[in-house]
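The values are calculated or read from the model by the stated rules, or taken from the named source; none is laboratory data. Note that the structure is a prediction, hence the values are computed from the model and not measured. Virtual Cβ from ideal backbone geometry, glycine too; neighbours counted across all protein chains shown.
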Amino acid sequence: MPGRFFLTRPIAEVAKTLGVSGDVAVQSPRNNIQPGQEMIVLSGNDLIPMRWGMIPVGRVNARGRPVMETIINARSETVFDKTAFEGVRRAVVPVDGWYEWTGEKRRKTAWRIAAADRAPLFFAAITDSWQAPGGLRVDQFAVVTCEPNADLRPIHHRMGVLLDHAGVETWLTGSEAQAKALAQPWPTGLLHIEEATDVDWSAP
């Protein structure tokens, strides 16, 4: 499942690929997008900034206890059933790729994962708005995950649900049953994986 993202191509190019308006704030290339930071997300027909990580205020788990932790990823197997996700909407996160890590603590290897053809990748996500203290509204999202494909299995036991162009529209506007059907591992052989040795992990 995505640990961090990167998006270096212009937002206008992403908007053109998706066939939506590109009237969003211009962003500098970002090689290290971390949970808790803001990203551009497709919601409806608009690209809007949202924070990666959902604060599920007022929600409870299956035992009726408050959900306290910030959620950055949501399992596709349960996202439509858990009370913690009740009332959320669907969104799509456009990126150039993401990072995962393997190995022991302090000796981990970082891996960069992108489309083999260098095209943008589109992650299925859920979104809602949190009313922060003082009345501030925070639009927030979490990435939906599924079982990994053969490319990712040696690196991680989960991967984000990736969507093709038809899948983007279905995820945003289709029925719950249609959305559930999209939660499948990305076809094997369509991703390029390489060791990420050139990233400044302290930079935003």
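Just the residues that are modelled with pLDDT of 90 or more and in a loop (DSSP other than H, G, I, E, B), please, taken from the stretch 26-59. Answer for the stretch 26-59, where residues must be modelled with pLDDT of 90 or more and in a loop (DSSP other than H, G, I, E, B): Gln34, Pro35, Gly36, Gln37, Gly53. Restricting attention to the stretch 150-171, the residues that are over 19 Å from Phe5 (Cβ atoms) and β-branched (Val, Ile, Thr) add up to 1. Answer yes or no: is there a residue in the stretch 143-156 that is under 18 Å from Pro94 (Cα atoms) and not in a strand (DSSP E or B). So far as the stretch 143-156 goes, no, none of its residues is under 18 Å from Pro94 (Cα atoms) and not in a strand (DSSP E or B). Scanning the stretch 69-110 for residues that are assigned to a loop (DSSP other than H, G, I, E, B), in contact (Cβ under 8 Å) with a residue 40 or more places away in the chain and not acidic (Asp, Glu) yields Ile72, Ser76, Val79, Phe80, Gly87, Val88. Might you let me know whether the stretch 182-195 holds any residue that is of a type in the set (Gly, Ala, Ser), outside any loop (DSSP other than H, G, I, E, B) and either at pLDDT 95 or above or loosely packed, with under 14 Cβ neighbours inside 10 Å (or both)? Within the stretch 182-195 (the criterion being of a type in the set (Gly, Ala, Ser), outside any loop (DSSP other than H, G, I, E, B) and either at pLDDT 95 or above or loosely packed, with under 14 Cβ neighbours inside 10 Å (or both)), the answer is no, since none of the residues qualifies. Considering only residues in the stretch 86-128 that are aromatic (Phe, Trp, Tyr) and within 14 Å of the chain's Cα centre (by Cα), the one that is farthest from Ile11 (Cα to Cα) turns out to be Tyr99.
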